[in-house]
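**Q** Pasting a structure below so you can have a look.
Derivation of every value follows stated rules applied to the coordinates shown; laboratory data play no part. Computed from a predicted structure; not experimentally measured. Positions of Cβ are backbone-derived with ideal geometry, glycine not excepted, and every protein chain shown enters the neighbour counts.
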Amino acid sequence: MSRDSAAPNEEYEALIQFLYLAPVGLVQAGIDGQIAMMNPIAAQLLMPLSRDGSLDNLFIALEGVAPELRCLAERHDQPAGKICDGLHVHLNAGGAKRGPQILSLTLLKLDASRMMAVISDITEQVRRERRLRQNEAWLNAILTGVTDYALVSLDLQGRICEWNPSIGRVTGFGADIEGQPYAIFYPDDAITPEHQQDRLREADANGWALDEGRRLRADGSTFWGSALIAPLPDREPLPGDDDATPAYCLILRDIGDGRAQRERRRDAAYTDHLTGLANRRALFEAAQLELDRSRVNPRPTALLVIDADHFKAINDRHGHPGGDAVLRHLAGILGDSFREVDLVARIGGEEFAVLLPSTGLARANTVAERLRASVAASAASFDDNRIDYAVSIGVAVASDGGASVDLLLKHADAALYTAKRAGRNRVASWPLAPQADAHQPENPDVP
Amino acid sequence: MTVAPISFDTPDLAIRLEQCSPEELDALDFGVIGFGPDTLVHRYNAFESEAAGLSPQRVLEQPLFTNVAPCLNNFMVAQRFEDAQDDSSELDATLDYVLTLRMRPVKVALRLLANPGGATRYVLVQRQPR
């Protein structure tokens, strides 16, 4: 750079230092993402994300964690204005690595050729807001006007102790549910036996446990319900107590009215805009929660990482809209292939992940292989073209919560890499076998 | 008496820099930032001052990772000094980085130097040809 090195101009220097020290990241870039200027906090936050050690292009620097940015900028059809405002970008699930987990990103289009970005680390702020939301959910459960509620007593194992008319009114179940686990109020696949125990342990630890979601009536119809579980006072076991002594109370309420609003708010923050699947944030939070719980109540947790093969070639041949059609098609198959308790997320450009609670390696390999085969047997359609494609899948399992989310993801990524190297359209799992561990498509290695 | 000239990749550089006078540091053709265990900057040479557009009096006795070069305050740089201090180990690592000198992204090589017993740690900055 050929800058004049004349006597330092005090005012200029003060201005430079002001920008050096501004506690947010500032970037000016071309509309194609090419970076013209940036301040130190921007480099501090973006350097760890750069895959090639450079910071030439904002979209490329953020591609691994916010693949939608380029597309958002391209689709912005106003001459100027905000392209996104405070978009949450999830970097990692926390753990060993220090540093930010969540960035906030605002992109402002200045004119046809330039934009500014404001980037800040909002990890702590989001954590605080999450705690507030939990309090809000708790208050909702207690205070929101509801038409009716069912009051159910549960024994130490979470089995229903006694039928009463409120259960009949809200759920339609009859007296024959006595002795059944409270999972009977959940749709199939929406709760595992381990999750049922988790909620009881959380109620023991915190005084209450609350969850919202789809609940089941006796006639098979569902409603949006909140379930609050609280340990009953004076439930120190007494001599002579049998297993069926009430230990918890479950309050089950139909909160259908407020659901749409809450869902929308939740959707914006937890959904990938292109595919409608969960996003990185949702995956990281769900995986962290599952691993935390599985340390208390041991069971395996599986993670699949799924990557569309030769995706760049698909984009080159059919253009980005063709690529998007493949991603949506793949998202559709993913959405239909798993249990309700599993979480399917898009975590990168053409990378997806599925969290499988209470699932060991053999089972995870089985479902991964089934998924691989079903993608290979179908095709996306775009502009009257049939786009055949395949996926490679990496599988990793954490036993008894003995791993961080980042480590689990790293293992699944390593397995994915093995599957790719072995020729793609394959499933491979961690730990990697000494030789190529990738399963041949014709020979699914399923015990 | 003349000494072998100092360059960015001279071995055992921390000891050599320790013996340099401020004038000798100013004569080097790469940036030198020296700081103590409390991260306060003690040494700041002319090359770095010119590149960053900041005179030494704005930088000296300021904490490096928050008030001087916040762009280095992450696991790639700051954490490595902390780790070296925690395990009393020697640090001598070179990595590619991007600094924002006068808000222009500039590709550089950084060399990070710390000795368990030494009073001063160093971040050395060398411009890379683009």
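**Q** Fewest to most neighbouring Cβ within 10 Å: what's the order for A:Thr418, A:Thr192? Kindly include the intermediate steps, with their values, before the conclusion.
**A** Numbers: A:Thr418 21, A:Thr192 17.
Least to most surrounded, the residues fall as A:Thr192, A:Thr418.
**Q** Now a separate question. Only Cα pairs within less than 10 Å get springs; with that Gaussian network setup on chain B, which residue of B:Gln19, B:Gln85, B:Gln62 has the largest fluctuation?
**A** Comparing B:Gln19, B:Gln85, B:Gln62 in the GNM, the peak value goes to B:Gln19.
**Q** What net charge do the residues around A:Tyr149 carry, taking every other residue with its C-beta under 11 Å from that of A:Tyr149, with Lys and Arg at +1 and Asp and Glu at -1? Write down the numbers at each step before the final one.
**A** Working: positive: A:Arg169, A:Arg253; negative: A:Asp148, A:Asp254.
Local net charge: 0.
**Q** Note down the nm distance, to one decimal, between modelled labels 7 Å out along Cα→Cβ at A:Asp383 and at A:Arg214.
**A** Once both label points are built, they end up 3.6 nm from each other.
**Q** Just round it to a whole percent: the fraction of Cα-Cα distances in region B:46-112 exceeding 20 Å.
**A** Numbers: 725 of 2211 pairs.
Above the 20 Å cut-off, region B:46-112 has 33 percent of its Cα pairs.
**Q** Taking R0 as 60 Å, what FRET efficiency do you get between A:Asp148 and B:Gln79 from their Cβ-Cβ distance, rounded to the nearest 0.05? The partial results should precede the final answer.
**A** Details: r = 55 Å, r/R0 = 0.92.
My answer for the efficiency is 0.65.
**Q** Follow-up. From the P(r) of region A:286-406, could you give the percentage of C-alpha pairs in the tail past 19 Å? Could you put the intermediate results ahead of the total?
**A** On the way: 3473 of 7260 pairs.
For region A:286-406, the share of Cα pairs beyond 19 Å comes to 48 percent.
**Q** Here is a further query. Using a Förster distance of 25 Å, how high is the FRET efficiency between A:Thr222 and A:Ala244, based on the Cβ-Cβ distance and rounded to 0.05? Please list the in-between numbers first.
**A** Details: r = 28 Å, r/R0 = 1.13.
According to the calculation, E is roughly 0.30.
**Q** Lysine pairs in the protein assembly as shown 8 or more apart or on different chains: how many have alpha carbons under 17 angstrom apart? Could you put the intermediate results ahead of the total?
**A** Working: A:Lys82/A:Lys109; A:Lys97/A:Lys410; A:Lys312/A:Lys420; A:Lys410/A:Lys420.
Qualifying lysine pairs in the protein assembly as shown: 4.
**Q** Also, I was wondering about something else. Normalised by the empirical 2.2 N^0.38 Å for globular proteins, what value does the Cα Rg of the protein assembly as shown take?
**A** Numbers: Rg = 28.7 Å, N = 577, 2.2 N^0.38 = 24.6 Å.
Expressed relative to 2.2 N^0.38 Å, the Cα Rg reads 1.17.
**Q** What is the P(r) of region A:145-254, as percent of Cα-Cα pairs per 10 Å bin from 0?
**A** Pair shares across the bins are 15, 50, 30, 5, 0.
**Q** Where Lys and Arg each count +1 and Asp and Glu each count -1, what net charge lies around A:Arg346 among other residues with Cβ under 13 Å from its Cβ?
**A** On the way: positive: A:Arg280, A:Arg281, A:Arg328; negative: A:Glu68, A:Asp272, A:Asp307, A:Asp324, A:Glu350, A:Glu351.
My count for the surroundings of A:Arg346 gives -3.
**Q** Could you compute the net charge surrounding B:Ala109? Neighbours are other residues with a C-beta less than 10 Å from the C-beta of B:Ala109; K and R count +1, D and E count -1.
**A** Working: positive: B:Lys107, B:Arg111, B:Arg127; negative: B:Asp9, B:Asp96.
Once positives and negatives cancel, what remains is +1.
**Q** Could you give me D for region A:271-340, from Stokes-Einstein at 37 °C and 0.692 mPa s, where the hydrodynamic radius is the Kirkwood radius over C-alpha pairs? Units µm² s⁻¹, please. Provide the component values of the computation, followed by the final result.
**A** Numbers: Rh = 14.2 Å.
For these conditions, the coefficient is 231 µm²/s.
**Q** I want to check the label-to-label distance for A:Arg51 and A:Ile31. Put each point 7 Å from Cα in the C-beta direction and report it in nm to one decimal.
**A** Rounded to a tenth, the inter-label distance reads 2.6 nm.
**Q** Let me ask another. Within chain B, which is the longest segment containing none of the GluC sites (Glu not before Pro) that sit in a DSSP loop and have at most 16 other Cβ atoms within 10 Å? Before the final figure, lay out the partial values.
**A** Working: sites that count: B:Glu61, B:Glu90.
The reported range is B:1-60.
**Q** For the pair A:Arg169 and B:Gln19, how long in nm is the line joining their label points, each one 7 Å along Cα→Cβ?
**A** The two pseudo-label positions are separated by 9.1 nm.
**Q** Got a sec to turn the phi values of region A:307-316 into Karplus ³J(HN,Hα) couplings, 6.51 cos²θ - 1.76 cosθ + 1.60 with θ = phi - 60°, whole Hz, x for Gly and Pro?
**A** Calculated HN-Hα couplings, in order: 10, 5, 6, 6, 5, 4, 5, 4, 4, 5 Hz.
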